[in-house]
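J.: I have a structure here, written as structure tokens, and I will follow up with some questions on it.
The values are calculated or read from the model by the stated rules, or taken from the named source; none is laboratory data. What you see is a predicted model, and the numbers here were worked out from it, not measured in a lab. Cβ placement follows ideal geometry from the backbone for every residue including glycine, while neighbour counts extend to all protein chains displayed. Note: areas computed on protein heavy atoms with side chains; ligands, DNA, RNA excluded. Shrake-Rupley method; radii C 1.70, N 1.55, O 1.52, S 1.80 Å.
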Amino acid sequence: MIDYKAEPFIRIRNLHKKIGWQEILRGIDLDVYRGETLCIIGPSGEGKTVIMKHVIGLMQPDAGTVEVDGIQVNGLRERELAPVRQRVSMLFQNAALFDSMTVEKNVAFPLVESGVRDKKEIQERVAQALDVVGLGKHGQKLPVNLSGGMRKRAGIARAIVTRAQCILYDEPTSSLAPVVSDVIDTVIR
């Protein structure tokens, strides 16, 4: 059960963002509570991805505030964002895998970036995440050698390997066949 009297895990207030001449976000307010599942639905190009990028600190607002678990995200420098990114991870639209890295190294990337240095722990967590998404036998492949659905699942493994409290999914089933979309939906659940 969600406790709506508690402080929101993600709190966005009066968020504004312009990209060039185009005003993308115009005073967005949003609360997301622990244990809540929330979908933001709308046409392409209306700012859904921009909101998510603000939550993880990849974009800075022109005005307004973004808080994650009581930490104000906007204004933080890259190194200061580590505690936020340990709490919130993201599956990007096209999985955003590094072409030059194997699937295993792609999945390990956020662990290494967050300061995990124990190689055995990294290997165990990567193997577990790949098993969850059904890619346990594909860790040594490069992304170019994966199907679209496999790339999405590798992206999900990278999003869950950190054991974040919140995962943002940006169009996790776009451009996939219905059968593959069903598999992705099952993995997300």
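J.: Which residue pairs have Cβ atoms closer than 6 Å, lie 6 or more positions apart in sequence or on different chains, and pair a first residue in the range 163-189 that is of a type in the set (D, E, K, R) with a second residue that is open to solvent by less than 60 Å² (accessible area, probe 1.4 Å)?
T.: Final answer for the pair search is Asp170/Thr49; Asp170/Met52; Asp170/Phe92.
J.: OK, next. Out of all the residues in the range 117-138, is one or more at pLDDT below 90, of a type outside the set (Ser, Thr, Tyr), open to solvent by less than 30 Å² (accessible area, probe 1.4 Å) and under 24 Å from Leu58 (Cα atoms)?
T.: no
J.: Additional query: Looking only at residues in the range 24-37 that are open to solvent by 80 Å² or more (accessible area, probe 1.4 Å) and either of a type outside the set (S, T, N, Q) or touching a Phe, Trp or Tyr at 6+ places or on another chain (Cβ under 8 Å) (or both), which one is nearest to Ile167 (Cα to Cα)? Show your work before the answer.
T.: Initially, the range 24-37 is screened for residues open to solvent by 80 Å² or more (accessible area, probe 1.4 Å), giving 26, 29, 34, 37.
After this cut, where a residue has to be either of a type outside the set (S, T, N, Q) or touching a Phe, Trp or Tyr at 6+ places or on another chain (Cβ under 8 Å) (or both) as well, the list is 26, 29, 34.
On the way: Arg26: 24, Asp29: 19, Arg34: 12 Å.
For the range 24-37, the residue satisfying everything is Arg34.
J.: Against the condition among the small types (Gly, Ala, Ser) and under 29 Å from Cys39 (Cβ atoms), how does Ala127 come out, does it pass?
T.: Values: among the small types (Gly, Ala, Ser): yes; under 29 Å from Cys39 (Cβ atoms): no.
No, not satisfied.
J.: Then there's this: Looking for whichever is under 26 Å from Cys39 (Cα atoms) and β-branched (Val, Ile, Thr) here; the options are Val144, Val103, Val161, Val116. Which one fits?
T.: So the residue among Val144, Val103, Val161, Val116 that is under 26 Å from Cys39 (Cα atoms) and β-branched (Val, Ile, Thr) is Val161.
J.: Just give me the residues in the range 167-189 being hydrophobic (A, V, I, L, M, F, W, C) and either closer than 14 Å to Ser147 by Cα or assigned to a strand (DSSP E or B) (or both), in sequence order.
T.: Ile167, Leu168, Leu176, Ala177, Val179, Val180, Val183, Ile184
J.: Quickly run through the range 66-109 and pick out the residues that are under 22 Å from Thr173 (Cβ atoms), within 15 Å of the chain's Cα centre (by Cα) and either hydroxyl-bearing (Ser, Thr, Tyr) or buried (at least 18 other Cβ atoms within 10 Å of the Cβ) (or both).
T.: Val88, Ser89, Met90, Leu91, Phe92, Ala95, Leu97, Asn106, Val107
J.: Follow-up question, since we're still on this one. Consider the range 65-124. How many of its residues are at positive phi and of a type in the set (A, V, I, L, M, F, W, C)?
T.: Our first condition is that a residue be at positive phi; within the range 65-124, this holds for 69-70, 75, 95-96, 115.
If we keep only those that are of a type in the set (A, V, I, L, M, F, W, C) too, we end up with 95-96.
The number of residues fulfilling the criteria is 2.
J.: Still on this structure, please answer the following. Among the candidates Ser147, Ser175, which residue alone is in contact with a helix residue (DSSP H, G or I) (Cβ under 7 Å, 6 or more places away or on another chain) and exposed (fewer than 14 other Cβ atoms within 10 Å of the Cβ)?
T.: Ser175
J.: What about Lys152, is it among the basic types (Lys, Arg), open to solvent by 50 Å² or more (accessible area, probe 1.4 Å) and farther than 20 Å from Gln86 by Cβ? First the steps, then the outcome.
T.: Details: among the basic types (Lys, Arg): yes; open to solvent by 50 Å² or more (accessible area, probe 1.4 Å): no; farther than 20 Å from Gln86 by Cβ: yes.
So Lys152 fails the test.
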